[in-house]
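Below is one structure, written out as structure tokens; the observations come after it.
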Amino acid sequence: GGPVDIGGIVNGQSSRGRVGIQVHATAGCIDPGFKGTVVLGLSSVANLPILLRPGMKIAQMVFQKLDRPAERPYGHPDLKSKYQGQQGAVASKYNQNTL
């Protein structure tokens, strides 16, 4: 897995948000231990189309150093981490959730 003492938060860029681009609806945290491609859930709440170009800055990732390693990082066997090691955009695996 990834580093177990670093987490991250994905934030949308303010100027892009003001024209209606949202970079995530609910999944803005990158858990300690995650390893793989970080996927953005892009959406637009604008009334008009918004043109995105390759390399356009639309978000930032803020890394947070923990004061100690996570006890159960993403990928821990108890967590059933469905997206560990994902390559590229991966469809939701919500159907694998258990109660």
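Descriptive notes on the structure:
- Of the candidates Q86, Q96, the single residue that is polar (S, T, N, Q), more than 16 Å from the chain's Cα centre (by Cα) and at pLDDT below 90 is Q96.
- Checked against (1) over 18 Å from A27 (Cβ atoms); (2) touching a helix residue (DSSP H, G or I) at 6+ places or on another chain (Cβ under 8 Å), K80 meets all criteria but (1).
- Taken over segment 1-33, the criterion of being of a type in the set (G, A, S) and not in a strand (DSSP E or B) is satisfied by G1, G2, S14, S15, G17, G20, A25, A27, G28, G33.
- The one condition from (1) open to solvent by 70 Å² or more (accessible area, probe 1.4 Å); (2) within 19 Å of A89 (Cβ to Cβ) that I30 does not meet is (1).
- Subset of segment 34-73 [in a strand (DSSP E or B) and of a type outside the set (F, W, Y)]: S43, S44, A59, Q60, M61, V62, Q64, K65
- Within segment 49-75, the residues that satisfy the criterion of being exposed (fewer than 10 other Cβ atoms within 10 Å of the Cβ) and either hydrophobic (A, V, I, L, M, F, W, C) or touching a helix residue (DSSP H, G or I) at 6+ places or on another chain (Cβ under 9 Å) (or both) are L51, K57.
- Boolean, Q86 is in contact (Cβ under 8 Å) with a residue 12 or more places away in the chain, in contact with a Leu (Cβ under 9 Å, 6 or more places away or on another chain) and surrounded by 11 or more Cβ atoms within 10 Å (Cβ to Cβ): no
- Subset of segment 8-17 [within 14 Å of K57 (Cβ to Cβ) and surrounded by fewer than 17 Cβ atoms within 10 Å (Cβ to Cβ)]: N11, Q13, S14, S15, G17
The values are calculated or read from the model by the stated rules, or taken from the named source; none is laboratory data. Here the structure is a predicted model, which means the values were calculated and not measured. Here Cβ is always computed from backbone atoms with ideal geometry, including for glycine, and neighbour counts include all displayed protein chains. Just the protein is used for accessible areas: all its heavy atoms, side chains included, with ligands, DNA and RNA removed. Shrake-Rupley method; radii C 1.70, N 1.55, O 1.52, S 1.80 Å.
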